[in-house]
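Asker: Quick one: the structure is below, questions incoming.
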Ligand code: RB5
């Protein structure tokens, strides 16, 4: 069964709470990895690392939130089993699943409206990877760095 994990820094805490409330109202279980308080600042790479670790379990999808979404995006894509997509609307979310098989989406709380983010969550959970011509491209994303060669013309 699909497991959803979520984490944020202090800059993404409010939107994280809204996403959790939304998922629970849909009957979807979500594991909240923090942060839990807006009262002090935390470092987004630490929460990306917690989520990456939780994503080692099979059948898991992740949601990350920080102020801009940028720090979390950079941090989470350092883990080779993650394909994290910073999304801004339903279309970018759908494409992140269909073309990139994203297993994590990232929001910037200061850059996306709450209702848009909740719609993105719905799209993220329901949209399948299309495979086909996209499969070999996605496979290249997890290729060891020493085997990656630039395509010559
Ligand atoms: C925290 O103020 C902010 O820098 C962080 O949430 C994020 O936007 C970083 O990329």
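Laboratory data are not the source of any read-out in this text; all were calculated from the coordinates shown. Remember, it's a predicted structure, so these values are computed and weren't measured experimentally. Glycine also receives a Cβ, built like all others from the backbone with ideal geometry; neighbour counts cover every protein chain displayed.
Asker: Any chance you could list P(r) for the chain, counting all Cα-Cα pairs in 5 angstrom bins from zero, rounded to whole %?
Answerer: Here the calculated profile for the chain is 2, 10, 19, 22, 22, 12, 7, 3, 2, 1, 0.
Asker: Something else: Going by alpha carbons, how many degrees (0 to 90, nearest 10) lie between the helix axis of 114-126 and the longest principal axis of the chain?
Answerer: Here the helix axis deviates by roughly 50 degrees.
Asker: Moving on to the next point. Quick one: 17, 73, 96, 8, fewest Cβ neighbours within 10 Å first, how do they rank? Mind showing how you got there, number by number?
Answerer: On the way: 17 16, 73 22, 96 25, 8 30.
Ranking 17, 73, 96, 8 by Cβ neighbours within 10 Å, fewest first, gives 17, 73, 96, 8.
Asker: May I ask what percent, to the nearest 5, of DSSP beta bridges between residues of the chain are antiparallel?
Answerer: On the way: 0 of 17 bridges.
Bridges in the chain are about 0 percent antiparallel.
Asker: In whole percent, what relative contact order does the chain give with Cα contacts below 8 Å and a gap of six or more residues?
Answerer: Working: 266 pairs, mean separation 34.8, N = 153.
It rounds to 23 percent for the chain.
Asker: Now, a different point. Okay, helix-only estimate at 222 nm for the chain: each DSSP H run of n ≥ 4 adds -39500 (n - 2.57), divide by all residues, round to 500 deg cm²/dmol; what do you get?
Answerer: Numbers: 6 runs with 62 residues, N = 153.
Computed ellipticity for the chain at 222 nm equals -12000 deg cm²/dmol.
Asker: For q values of 0.18, 0.25, 0.30 Å⁻¹, compute log₁₀ I(q)/I(0) with the Debye formula on a Cα-only model of segment 69-115, without solvent.
Answerer: -0.51, -0.90, -1.12
Asker: Please identify, among 118, 13, 135, the residue showing maximal mean-square fluctuation in a Gaussian network model of the chain using a 10 angstrom Cα cutoff.
Answerer: 135
Asker: Compute the length gained on full extension between residue 39 and residue 17: take 0.36 nm times their separation in residues and subtract their Cα-Cα distance, giving the result in nm to one decimal.
Answerer: 6.4 nm
Asker: Binning at 5 Å from 0, report for segment 99-153 what percent of all alpha-carbon pair distances ends up in each bin.
Answerer: Histogramming segment 99-153 at 5 Å steps yields 4, 14, 19, 16, 16, 12, 11, 6, 2 percent.
Asker: Turning to a different aspect of this structure: Cα-based Rg of segment 49-94 per 2.2 N^0.38 Å, rounded to two decimals? Intermediate results must be reported in sequence, preceding the final value.
Answerer: On the way: Rg = 10.8 Å, N = 46, 2.2 N^0.38 = 9.4 Å.
Rounded to two decimals, the normalised Rg is 1.14.
Asker: Same structure again: What angle, in degrees between 0 and 90 and rounded to the nearest 10, separates the Cα long axis of helix 44-54 from the longest principal axis of the Cα atoms of the chain?
Answerer: 70 degrees
Asker: What's the extension gain from residue 2 to residue 126 if we count 0.36 nm per residue and subtract their Cα-Cα distance?
Answerer: Details: separation 124, 0.36 × 124 = 44.64 nm, distance 1.14 nm.
Using 0.36 nm per residue and subtracting the Cα-Cα distance, I get 43.5 nm.
Asker: Right, another one. Could you give the Stokes-Einstein D for segment 1-62 in µm² per second, using the C-alpha Kirkwood radius, 10 °C, 1.306 mPa s?
Answerer: On the way: Rh = 12.0 Å.
This corresponds to a translational diffusion coefficient of 133 µm²/s.
Asker: Please arrange 41, 92 by counting, for each residue, the other beta carbons lying within 10 Å of its beta carbon, fewest first.
Answerer: Details: 41 10, 92 15.
Ordered by Cβ neighbours within 10 Å, fewest first: 41, 92.
Asker: What is the order of 97, 83, fewest Cβ neighbours within 10 Å to most?
Answerer: Numbers: 97 23, 83 19.
The most exposed by this proxy come first: 83, 97.
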